[in-house]
1. Send over the semi-axes of segment 89-208's equivalent ellipsoid, whole angstrom and largest first, taken as the square roots of 5 times the C-alpha gyration tensor eigenvalues.
2. Sorting H201, H41 by accessible area (1.4 Å probe), largest first, what list results?
3. Give me P(r) over segment 80-147, computed from all C-alpha to C-alpha distances, binned every 5 Å, as integer percentages.
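The values are calculated or read from the model by the stated rules, or taken from the named source; none is laboratory data. Worth saying up front: this structure is predicted, and the values here are computed from it rather than measured. Only protein heavy atoms, including side chains, enter the accessible area calculation; ligands, DNA and RNA are left aside. Shrake-Rupley method; radii C 1.70, N 1.55, O 1.52, S 1.80 Å.
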Amino acid sequence: MTAVADPGDVTAADSDEAQVSPARLGAAAAMRRLGHAIVGHDVDEAALLRLTTTVEALVAEVEASPRRQRPTLNMSRDLFVVPPPQGGVRGSHFTDCIVSGRANPMGVAAEIRRDGDDAVLLSTLGDAFEGAPGRAHGGMVAALFDEVMGFVLSITCTPAFTGRLTVTYRAPVPIGLPLEFRARLSGRDGRKLLMAGEARHGDTVVAEAEALFVAVDPEKFASGQS
């Protein structure tokens with residue numbers, strides 16, 4: 001079925017990814033590709049059994065390794081102290097992010113960049129994210145909106161949590177074809193930040209979204225407090 005190019009094949013450019021080994025990024029990209037391949041292809045039973053044996057042996061080795069510690073406070077300061085530059089692609093908020101993180105083997109590895117005051121997310125969703133036949137799962141579309149709106153917070157240097165996200169689906173969101181999500185700040189009232197955005201495939205608006213985010217102190221953001 002659909003073959004999807006994975007941004008994990010691109011050389012890491014931002015400061016966060018510079019701290020992640022190429023081997024980790026490569027392993028995550030390979031696992032994402034494998035997941036889509038399993039979902040999208042009628043794989044021979046013998047091949048699946050060989051895959052299971054190999055993966056289970058590797059899982060045991062990986063789980064025996066020391067636990068990782070993410071520098072969440074430094075991450076939140078990096079995200080909200082200096083706004084992202086215009087134009088150039090920033091791979092993710094942080095490399096383990098489920099939506100834009102290229103070190104996450106279960107994620108989307110979407111690309112995000114700034115265009116003026118807009119945040120722009122680019123993604124081609126693979127077979128593992130299919131809902132109805134040929135269409136992206138609605139929850140995945142919502143996750144992409146949440147991510148691109150989160151990048152607006154970096155543009156405004158305002159750490160915040162999602163309070164409400166409403167998605168209106170205008171047309172089928174295709175699998176295996178390029179999508180563009182855009183979002184921007186539409187209003188602010190104290191700690192309340194209002195967002196608006198839309199998703200397109202080509203010239204067709206496939207979904208629109210509105211959201212409320214609630215601003216928090218950077219240290220509280222890093223610790224998960226409200």
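1. Semi-axes, largest first: 22, 17, 13 Å.
2. The ranking, largest first, comes out as H41, H201.
3. 4, 17, 24, 25, 16, 9, 4, 1, 0
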